[in-house]
Structure formats: C-alpha cells, structure tokens
1. Cα-Cα over 22 Å: which of B:Lys59/B:Lys117; B:Lys69/B:Lys125; B:Lys59/B:Lys124?
2. Can you figure out the FRET efficiency of B:Ala17 with A:Ala30, using R₀ = 41 Å and their beta-carbon distance, to the nearest 0.05?
3. Report the extension gain between B:Thr7 and B:Thr128 in nm, rounded to one decimal, defined as 0.36 nm multiplied by the number of residues separating them, less their alpha carbon distance.
4. State log₁₀ I(q)/I(0) for the protein assembly as shown at q = 0.08, 0.13 Å⁻¹ as given by the Debye formula over alpha-carbon point scatterers of equal weight, solvent excluded.
5. Quick one, can you get me the convex hull of the C-alpha atoms of chain B expressed as volume per residue in Å³?
Amino acid sequence: MRDTAPTTTLHIVYLARLREAFGTTQERLALAGGAAPTTVADIVALLRQRGGAYATELGAGRAVRVAVNHTMVTQDAVVRPGDELALFPPVTGG
Amino acid sequence: MAVRVQTADFDVGREIALLRGGDKRVGAVASFIGTVRDVNDDATVSTLTLEHYPGMTEKALEAIVAEAKSRFDIYDALVIHRVGTLVPTDQIVLVVVTGAHRETAFDACRFLMDYLKTRAPFWKKEETPQGVRWVEARASDDEAAARW
C-alpha cells in the first residue's frame, strides 16, 4: 500500500541579510503531514537544523522576524498548507 | 489616503498640493522628509540601498496610515518610501498629514514615522570604506514607537 500521508507545502521567503546569508530568495518546503499543528517556531527549528548559515542566522540571540501571508506573527503562530512564510531581520526603513 | 513604494524621487511641493487638493477644511499640513546622511555609526556612507518585501510592505504602510486616521482627527495622509540605491542628500521617505489643527497633524505625522520605522518591511544596506553592511535596528526606534 502506498503511503498517502498528506504533506504540508510552504512557500518560504528570505529577505535582506537572511537572503544573502542563505544565498536564496525563496524555496518550497514540504513537511510530513498528520503531526500536531506546525508553528512558526517548528519551521524555524527545522531550518536551523540544516546547520551552517541557517544555524548561525536563526540561532539563539539573533533577532528574526516572521510574517505569514504578509502579516507579522509571533513564533507560536500556526502555519497551514500553501502559506507564504517570510523570515527577515528587524526592519530598518524610514 | 495613499501609500507608494517607488525607486523614483518625489517632488514634495507637488505631493503636498495633491494631498491638500483644495480642501478648504485644512488648516494644518505637517510633513516629514527623511534623507540619506553621509555618516552612520562613525563610518562614511557612500551609498544606501533599500530593500522591501513587495506586497507586504504596501499592505503594512496602508495599515499604519489607517491606524493614524483612526487615532487622530486628521483629514488625509500620504506616505512615499523609496527603494533601490540612493546617495547622501537623496530623499528616502515622505510623510504628509492634513488636518484642521497643528497638534493633531504634528502628532499623526510623528506617529506615522515612528510606526513606519518599526513595522514597515524595509531594510537598509550601506556602503562604507570598510565594506558593505546591513544597518542594524535601533532600540531607540522601538522606544519611540512604544510611546503611542
């Protein structure tokens, strides 16, 4: 029998210093479904496990802001399939 | 009410005239213009490059302007923010507020800038003799926004 467990696909966008550090502007991230609700903190932890620049930039003590579908959220926000999740440093406009 | 994110420069006189639009109720026009400095954190800045998050930035600016209109008794507000590479003396941002009286116009203008600095997705990268660096967010900006 084929494994038909649903997957959650997210669109991840990196901006400013994070875009440069990771060398990419965006990616599709597929997560195994069926588990407990996935939060922003879960996604950030998953990316951090890649090591290298991800571990450095998303590590403890580094201020990272997150927006889901163009709205700023906190780390406990739940993400859903198809969401656009953007990671970026604190803003410095004006 | 309008917000614009653009690479092109803006003409302050023209923008103010358009916002006033011959509205005879207006007794006060407050404006703020942010410009590129040639020194930041003790380094000489030769260029300043501004990045934004298309879609979210416009939405965030619209939310900030809507918040200003709900909090202050003003008639209209305009925010223009430039992106791309700028040099010292260039204009970066324009905020204009119209109202009946100066207190609310001044307050709304200051509120808009304080909120924009901490809530609108823009990032600055500056070029100095020591190299290119991303500008770090300042705690003083968070404190300024927290006053409101």
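1. B:Lys69/B:Lys125
2. For B:Ala17 and A:Ala30, the calculated efficiency is 0.20.
3. Gain in length upon complete extension: 41.4 nm.
4. -0.37, -0.86
5. Cα convex hull per residue, to the nearest whole number: 104 Å³.
Just so you know, all these numbers are worked out from the coordinates, no wet-lab data involved. It should be emphasised that the depicted structure is a prediction, and the values quoted were computed from it without experimental measurement. Don't worry about glycine lacking a Cβ; one is built from the backbone with ideal geometry, like all the others, and counts go over all protein chains shown.
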